[in-house]
Amino acid sequence: MTRYARIVGLREERIDEYKRLHEAVWPEVLDRVRRCNMRNYSIFLRRMPDGKHYLFACFEYVGIDFAADMAAMAADPKTQEWWKLTDPMQEPLPDRPEGEWWAPAEEVFHVD
């Protein structure tokens with residue numbers, strides 16, 4: 001199992017809409033998350049001192065081929081529909097890796 005953390009900005013005027021969407025995530029999207037071997041998935045929201053809002057996602061990956069599972073998620077039609085709703089609400093960090101929407105964060109400590 002590997003833990004991942006990701007960060008993306010959230011447009012202030014879209015916060016309420018983003019929260020509403022995530023109060024009732026589509027079952028097909030949740031099923032795809034599980035089928036792509038993601039567990040214990042959470043997204044947190046925080047306004048930072050720069051005045052901007054950021055989403056912090058963390059999850060555990062229990063599969064054996066992260067790239068293949070993420071490609072399967074990206075190819076899924078229902079997930080693509082979901083992202084068409086959520087992506088315009090977000091503001092990717094300018095220093096994220098090429099081809100990534102959410103920027104990775106380094107784990108520096110963990111305890112169970």
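Readers should treat all values here as calculations from the given coordinates under stated rules, not as data from a laboratory. Worth saying up front: this structure is predicted, and the values here are computed from it rather than measured.
Evaluating kT/(6 pi eta Rh) at 25 °C and 0.890 mPa s, with the Kirkwood radius of the chain over Cα pairs in the Stokes-Einstein relation, gives 164 µm² s⁻¹.
Region 83-112 and region 16-73 have Cα centres spaced 10 Å apart.
Stretched out straight at 0.36 nm per residue, the stretch from I64 to V29 would grow longer than its current Cα-Cα span by 10.5 nm. Straight-line reach from K84: taking Cα to Cα under 16 Å and skipping same-chain neighbours fewer than 8 places apart, the aspartates and glutamates in range are E17, E28, D76, E100. Compute the relative contact order of the chain as a whole-number percentage, counting only Cα pairs closer than 8 Å that sit 6 or more residues apart in sequence. Relative contact order, the chain: 41 percent.
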